[in-house]
1. Stretch GLU68-ASP215 to full length: gain in nm at 0.36 nm per residue minus the Cα-Cα span?
2. Fewest to most neighbouring Cβ within 10 Å: what's the order for ARG139, ARG288?
3. Top mean-square fluctuation among GLU36, GLU98, GLU16, Gaussian network model of the chain, C-alpha springs under 10 Å?
4. Evaluate E = 1/(1 + (r/R0)^6) for ALA302 and ARG174, where r is the Cβ-Cβ distance and R0 equals 30 Å; express this FRET efficiency to the nearest 0.05.
5. Of all DSSP beta bridges in the stretch 7-135, what percent run antiparallel (nearest 5)?
6. Just subtract the alpha-carbon distance of VAL129 and ALA45 from 0.36 nm times their residue separation and send over the number in nm, one decimal.
7. Do any trypsin sites (Lys or Arg not before Pro) in the stretch 179-224 lie in a DSSP loop with no more than 12 other beta carbon atoms within 10 Å, and if so, which?
8. Among the chymotrypsin sites (Phe, Trp or Tyr not before Pro) within the stretch 217-263, which fall in a DSSP loop and have no more than 10 other Cβ atoms within 10 Å of their own Cβ?
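Any read-out appearing in this document is the output of simple, stated calculations on the displayed coordinates, not a laboratory observation. Predicted, not measured: the structure shown is a model, and the values here were computed from it. Reconstructed Cβ throughout: ideal geometry from the backbone, glycine too, with neighbour counts over all protein chains shown.
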Amino acid sequence: MSAKYSVPLSKVITSESLEKVYLPKDASEILVTSFEVCRPSLILASHDHYFNSERVQFIGKSEMEFLEDMEENERQSALERFFSKKPITVILPLSCIECPEDILQLAKKYEVPLLRTCEETSNAISSLVSFLNVELAERITRHGVLVEVSGEGILIVGDSGVGKSETVVELIKRGHRLVADDAVELRKVSSRTIVGSAPDNIRHFIELRGVGIIDARRLFGMSAVKMTVKVDMVIELEQWDDEKVYERMGLDDEYTSILGISVPLAIVPVRPGRNLAVIIEVAAINNRQKKMGYNSAKELLANLGMMDEEEKEVKAPLDIWQNF
């Protein structure tokens, strides 16, 4: 069973620029745990099946007009039914300049946080859903380095001491950007996207054996770092093994699975004389070309008349995480 994550309501308020109308306690103590956002039209119309009180509720302009058209007793009953479910928070629309007294009293009665958005309801919902998808996403932390190379998010993994951090310093000097060193927090923000970032307490720091800890942001400037990036490719560094046959053509793509999502994988052997920074740059740009439909190995074989007509099957994802 996957872990359940939460985000304090205070962070939601700050991120979405929400106005506080009523809070039963400090917003930092109220935790939002569901990334789904709903409008309470059905429960206001007496259909309260499957109502989930963990979801943020938006009373939009349509709901307000629906309530205004009700008889006084019917309106009171509908609002009572809604607030008695104690939703995690209720957000009023931009058009609601002043909170109706009956809504405010019921919010206080059932201790339901009441907020107001400064955006149109549809825009506010879209923005909040995007925010919650990131904050409440399924996540794991892995040992490695995450960098943005030529616009591609590259996760570099490998045994300790193989040269990951040193390679990243060289990449930074070549104009690329650091996201995380040593510990990388990976979040599944959609069914096809993994986003990586650094834990707050070690963000922008790099450990270099023989030198110590350096702050990449202060040493190389703001242009050398980035907060988050989508993971487009995984590069695994390993010590060169003379007994192992390494990929030389790049005809078939290999993948690894991160939180159930397949991500392109390249295994790069390390030995003296190899410029890893340049190799990773080339791998990043080549990966982008493949995403755009161009494979240089296939073109070479086609030019040589050696390309099979039928496309090869994609290899199953490799589980490289078992060693970390």
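1. Details: separation 147, 0.36 × 147 = 52.92 nm, distance 5.78 nm.
That works out to 47.1 nm of additional length.
2. Values: ARG139 19, ARG288 16.
Fewest to most other Cβ atoms nearby, the residues stand as ARG288, ARG139.
3. In the Gaussian network model the winner is GLU98.
4. Details: r = 33 Å, r/R0 = 1.09.
Using R0 = 30 Å, I get an efficiency of 0.40.
5. Just about 40 percent of them are antiparallel.
6. Numbers: separation 84, 0.36 × 84 = 30.24 nm, distance 2.45 nm.
So the chain would gain 27.8 nm between VAL129 and ALA45.
7. Numbers: sites: ARG187, LYS188, ARG192, ARG203, ARG209, ARG217, ARG218; in loops: ARG192, ARG203, ARG209.
Counting only loop positions with at most 12 other Cβ atoms within 10 Å, the trypsin sites (Lys or Arg not before Pro) in the stretch 179-224 are ARG192, ARG209.
8. Numbers: sites: PHE220, TRP240, TYR246, TYR255; in loops: TRP240, TYR246.
Here the chymotrypsin sites (Phe, Trp or Tyr not before Pro) that fit, given the DSSP loop and packing criteria, are TYR246.
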